[in-house]
1. Restricting attention to region B:213-237, and to residues there that are part of a helix (DSSP H, G or I) and without any contact (Cβ under 8 Å) to a residue 40 or more places away in the chain, which single residue is nearest to the other protein chains (Cβ to nearest Cβ)?
2. Answer yes or no: is there a residue in region B:238-258 that is closer than 30 Å to A:Phe161 by Cα, away from chain A (no Cβ under 11 Å) and buried (at least 21 other Cβ atoms within 10 Å of the Cβ).
3. For region B:295-322, which positions are of a type in the set (Ser, Thr, Tyr), out of contact with any Pro (no Cβ under 7 Å at 6 or more places or on another chain) and assigned to a loop (DSSP other than H, G, I, E, B)?
4. Just name the residue that is modelled with the lowest pLDDT out of those in region B:263-291 that are facing chain A (nearest Cβ under 10 Å) and open to solvent by less than 20 Å² (accessible area, probe 1.4 Å).
5. I want to confirm something. Restricting to region B:292-328 and keeping residues that are among the hydrophobic types (A, V, I, L, M, F, W, C) and in contact (Cβ under 8 Å) with a residue 60 or more places away in the chain, which single residue is surrounded by the fewest Cβ atoms within 10 Å (Cβ to Cβ)?
6. Since A:Gly375 meets every condition but one in (1) free of Cβ contacts under 8 Å to residues at least 60 places away in the same chain; (2) within 9 Å of another protein chain (Cβ to nearest Cβ), which condition does it not meet?
7. A:Arg148 is checked against (1) out of contact with any Pro (no Cβ under 8 Å at 6 or more places or on another chain); (2) within 12 Å of another protein chain (Cβ to nearest Cβ); (3) open to solvent by less than 10 Å² (accessible area, probe 1.4 Å) and fails just one. What number does that condition carry?
8. Return the residue satisfying two criteria in turn: it lies in region A:379-414 and is of a type in the set (Gly, Ala, Ser) and free of Cβ contacts under 8 Å to residues at least 60 places away in the same chain, and of such residues it is farthest from A:Gly152 (Cα to Cα).
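The values are calculated or read from the model by the stated rules, or taken from the named source; none is laboratory data. It should be emphasised that the depicted structure is a prediction, and the values quoted were computed from it without experimental measurement. Cβ coordinates were reconstructed from backbone atoms using ideal geometry, including for glycine residues, and neighbour counts include every protein chain displayed. Surface areas here come from the heavy atoms of the whole protein model, side chains and all, with no ligands, DNA or RNA. Shrake-Rupley method; radii C 1.70, N 1.55, O 1.52, S 1.80 Å.
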Number of protein chains: 2
Amino acid sequence: MARPPRRARGAEGASLALSVDRGSATPLHMQISAQLRAFVLAGRVAPGARLPSTRALAAELGVARSTAVLAAEQLAAEGYVEGRAGAGLFVSTRLPEPSCPAPPPRRPPPPPATSPPPAPWRPFAVGALDPELFPHEAWARLLQRGWRAHGGALLHRPDPFGWAPLRAAIARHLGEWRGIDCDPGCVVVTAGMADATALVAACGFPRGTRVVVEDPGYGAIAEELLRSGLRPVPVRVDAGGLDAARIAATPAARGARGAFVAPARQHPLGGAMPVDRRLALLAWARRVEGLVVEDEYDSEYRYAGAPLPALTSLDRDGRVAHAGSFSKVLGRSLRLGYLVLPPALVDAARAHLRERPAAASIVAQPALAEFVASGDFAAHVRRTRRIYARRLEALLDAGGAWRGLLDIEPTDSGLHVVVRFGPRMPAGIDDREVAAAALQAGIVAQPLSASHARPPRRRGLLLGFAGFPEEALAAAMRGLGRAAEELARRGGRRRSA
Amino acid sequence: MARPPRRARGAEGASLALSVDRGSATPLHMQISAQLRAFVLAGRVAPGARLPSTRALAAELGVARSTAVLAAEQLAAEGYVEGRAGAGLFVSTRLPEPSCPAPPPRRPPPPPATSPPPAPWRPFAVGALDPELFPHEAWARLLQRGWRAHGGALLHRPDPFGWAPLRAAIARHLGEWRGIDCDPGCVVVTAGMADATALVAACGFPRGTRVVVEDPGYGAIAEELLRSGLRPVPVRVDAGGLDAARIAATPAARGARGAFVAPARQHPLGGAMPVDRRLALLAWARRVEGLVVEDEYDSEYRYAGAPLPALTSLDRDGRVAHAGSFSKVLGRSLRLGYLVLPPALVDAARAHLRERPAAASIVAQPALAEFVASGDFAAHVRRTRRIYARRLEALLDAGGAWRGLLDIEPTDSGLHVVVRFGPRMPAGIDDREVAAAALQAGIVAQPLSASHARPPRRRGLLLGFAGFPEEALAAAMRGLGRAAEELARRGGRRRSA
C-alpha cells in the first residue's frame, strides 16, 4: 500500500492559500485543520507531500505556534498527516488517491408525483383522531408536572416493564373496564401492538412455531411474527372472529400453538366474538398447550350496550395475553400501549427485556399514569364516545342515499364502518379502483381487500368516521358515492361493450 | 354441536340469588348482567336452561323492566343467552360445559433469586447517565410548551419521517458538529439504533443480503438485521475499526453489500477509524455498489482534540447512511435518534413508512427540537464533557493501583474504558468470572468477551464512568481490584494444584 514519499512542489503555506477568520466562533486551530483536510481530500496536496511546518504555518497566518501545533495534532490523530522526527509534516502515504472535491450536499429527491406529501387527515382516514377534542392544556401540564416530579428517576435505569405508577393505573383500569383481575407486576408498557407482538413472540413461543392470525386481519401482526422467526398462518374469519373449528380445518395451521385475535371487535370486519367461540378458543389453547393473544385496539368505543368483558377475563389457565393500546384515544403517534402477561411468562419477559432498551419511550409515561389514574382518561373516552356516536349516525344517514351501490354495514362500536358493494356495483369493479377514484376526489377510503392475506379477498371499503365533524362526513360520503356511481356506470359500459 | 335444550329446575330468579347495589357506581343493568354471566360461567345454570323472564327479574330485584331488558340484551349480544319468541330467555346451547368458577387473578411469580429487581444504576454500568446533571426544569418546561404550541398538529397524522422542526435542528447540528451537509428532507427521526437498522434494512438491501458487522461490536445491530431477513456477517476488527481488506479476507463476507461501522468510536474497543480505512471503506462500498451505515453513539464526548468529522462527510457517492442517537446525552429511555439517508433511499424509506406508524414517539419531538435549536443541547454536552473528563481521570488514577492485574486502556473519548487483564491475572480466569465476582461486591462490570460474535473472545471489562461521581468511581475501582485480586490468587492456586 505504501508508496515512496514524494515532495510536493510549492506545498509550503503560501501556495495552499490558508486563512483564518478571527470573527468566527470556530477556534483558529479547527479552521486551520479543516482547510488542510479539505486540501488533502481534494488532491491539492498528494499523499507523501510535505506540508508547511507548524512554525511556518504560525508565521504565515499570524497565529500562535501552539495553535498550529494543535491543528497538526488533530490531523495526525485523524490519519491525514504523519510527522517524521526532524523532517516536518507529510500527507499520509496510506491515503488512496483522491477522486474529486468535497462531496455534494445531501438533498432529498423531489417528491414523486404519485405520493402526496403528508397532509392533515382527510375523511375517511381510519385511525384519524379529531385534535379539537383532545384536552391539550391538561395534557401539556401533566407532561411538565410528570418530568418535574420524576425526571431524575426517569433518566435512571427505569424498569424495563415500564413506569410503575402507569402499570398500576393500567391494571386498575383493566379491572374496572374489562373485567381483568391482574397485578401490575404482569403489566408491561409497550410501544404498541408490533412491540407487544415481538415480546410475546420472544418469550411465549419457540422459534418456528406456527401461530394463527385472523384473515382478514391487522397485517402488522403477521409481519412482526415473521420478523421474530415465527410462522404466521392466516385462518379465514367472519365478523364473529376466529372459530376454533376453523383452525382444525386449515391444513397449514396443523401444529399451531398460538393465535392472535381481536375478540372485542374483529379488525376490519367489526364484529364481537360471541362467548361460545371465546370458550372454544380457550379450550383449543388448553388442548394444544398454546397461547392466545387478545388484541384490543378500540374496545372503549361502543355506542350501544356495555362492552363485552375481555377474553382474558375468562382465562382460567394462564393461556391468554392481553394487548391494549392508547392509540385510539390519544393518537397512535404517542406510541404507548400495554401487554398483560400470563404469570408464567413474566420471568421470561424480564430476561428478554433486561439486555435491551424497552421500545416504549419513558417521557410520557408519568403523564399518562396521572391521566388514567385521575379519571381524566375515562372522562375523555365518555365525552368522545358521545361525539363519535353522533358522527357514526351522520355517516350512516348520508350513506343511505347510495344503498344498493355502497351498503354500509350497521355497527354499534369502533371508529370505522365497513362498506360492501351492492348489486348496482358491477362485479368487475375492484375495491382498489373505487378507492383510487375516491382519492382523486380528495377522499380517503381503504380497500377491504387489502386486509386479506389470501384470496378470496372480499370487496369493500373501510371508512373511518371518528376524526371528522358530521358535515365533513356527509360531504365526503356524497363525494365517495358520486365517484363510485361514475365508476359503476363506466364499468357497466365496459362489460356491455 | 347443539344439544337439545334442557329445562333447568329451579332456575327462576330467586334461586339465582341476584342482588343489586344502588350505592354502586356501576349501572344496575350491568350489575345484573355481570351476575348472570358469572352464574353461567360457573355452571350454576346449564346450557339450554331457562332464565328468569325480564319481568320476573325486574319484580324480584325491584328495578325497572327496561333495566332488566338492557341486561338481557347485553348477554344476548355477548352470546350467553338466546331469546325464543314467547318462550323467554335461555342459556345458549352453544356454550361448552363450564369447567370451574371464576379465573384466578393474575399475579406475577415472586422475583427469581438470580435477578435483582431494577435498581438505580451502580458503577460501572455502561450507558448510565447522572440524573443530577440533567436540566430537568428546562426540559419539563419545553415538554409543556411543545405540546401547548403544537398539540393539534402532533395528534394529526405527523410526517412519518418525524417532526419537521426537529429534523431541521438535527440537520443543522450535524452540519456544525459533524461536517455533514444535509437537507432536513434526508433526516428521519427514529426510535434508536434498532429502529434505524430496521429501516435501512427494509429500504437499502434486498432480503438475504450479506451485511458486514464489526466483531466485537454492538450486538443489537446483528440481531435487528437477522429480524429483517438480512444475513449479518461478523468481521474481526481492532480499535481502529473495520478494515476493508479484512472483508475481502473473510470468506463468509463474500458478496456482502453492506457494512455497519462505528468510525467515531469503535464499540466496545473505543478507537477512532483512521482516515485511510475510512476512504478504503468508501472505495469498497463503491466497488460492491453497496451501502455503509455509520453508527455514531457518543461522538459528542471527546476530551482531547476535536472530534473527527463523520465518515458520512467524506461520502461522495451517496453510499453512507448516518445513524445517531440522543441516548448518550438525554438517556436511552427517551427512545429518540435519527438517520440521515442517502438521497437515493429517501423515496423507498417514505414508501416503507407510509403504511406503518413510525416507531418514534412524537411526544418529546417538539421539546427536543427546541432543546437542540436553542443551543441548550450543545451547552449541556459541553458542560457534561468537562465533568466526564474529570471522572475519566479519576477512574484512570484509581486504576493505576491495579496495574499488571487490571490494565485500563488509555482513552480520550467516550463514556466507558476498556480494562485488559495484565500478566498478574492467571490465563484460566474468564472475564465473566471477574464480572460475577465484582457483582457480588455490588459492582457492575461488563465482560468484553460478551461483545464478540465469534472466538477468539478477548478477555476484559467495560467500565462506564459517565454516570458516577469521582469518589464513587474510586471506591468501585478499589472493590473491583480487590475482587479481581482475590480471584487471581485462587485461580493461581487452582493452576498450581
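1. B:Arg227
2. no
3. Result: B:Tyr297, B:Tyr301, B:Tyr303.
4. B:Val275
5. My answer is B:Ala304.
6. (2)
7. Every listed condition holds for A:Arg148 apart from (3).
8. A:Gly404
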